[in-house]
Amino acid sequence: MSTVFPISRAAATVAPAVSSGAPFPARFRETFCAHVGVQVDAYSSALLRRTMYPHARVVFLLLNRVFPRLFAADRTLVADVAQAAKPRDALFALDDFYIHPDNHRFLRREFRLRISARRFERLLREVWGAPPPRTK
């Protein structure tokens with residue numbers, strides 16, 4: 001049986017140090033929330049709101065609970081990017097989003113009921129500075 005030690009709120013916000021003494025880089029979730037001024041709990045909804053096509057936001061609010069699979073690729077991208085420590089990690093997650101099988105469905109492809117990759121990349125540049133160039 002393992003013992004769980006309580007951590008104070010102040011101690012939880014301090015980044016642990018690696019063996020070289022340098023702190024871990026902040027994950028995208030924390031960096032994004034600090035940049036736009038939202039609580040970490042509101043990360044997913046704030047990121048979806050800023051990166052979805054405008055008409056897709058309305059459809060998301062109406063259909064997300066009824067047809068959750070329609071937006072599964074978007075939620076996967078948001079969760080994967082939350083853990084990214086570098087812009088390159090976020091771009092790898094975006095590459096996975098491009099080839100996600102659900103993005104080839106009619107509603108997502110033709111009506112663009114999804115995250116806009118262009119908006120997403122623009123947000124990455126805004127939050128983290130210019131991401132590295134893409135290699136094909």
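Given H placed 1.01 Å from N in the peptide plane, which residues other than close sequence neighbours of M52 have an amide H under 5 Å from its amide H?
Answer set, sorted by chain and number: S116.
Rounded to the nearest 0.05, what FRET efficiency do V66 and H104 give with R0 = 25 Å and r taken as the Cβ-Cβ distance? Could you check?
Approximately 0.70, to the nearest 0.05.
Please give the peptides 56-63, 112-119 ranked by average Cβ packing (other Cβ atoms within 10 Å per residue), highest first, as a rough proxy for protection.
Per-residue mean Cβ counts within 10 Å order the peptides as 112-119, 56-63.
Computed from the coordinates by the stated procedures, all read-outs in this text should not be read as laboratory data. Note that this is a predicted model, so its numbers are computed, not measured. Cβ: placed from backbone, ideal geometry, glycine included. Neighbour counts: every protein chain shown.
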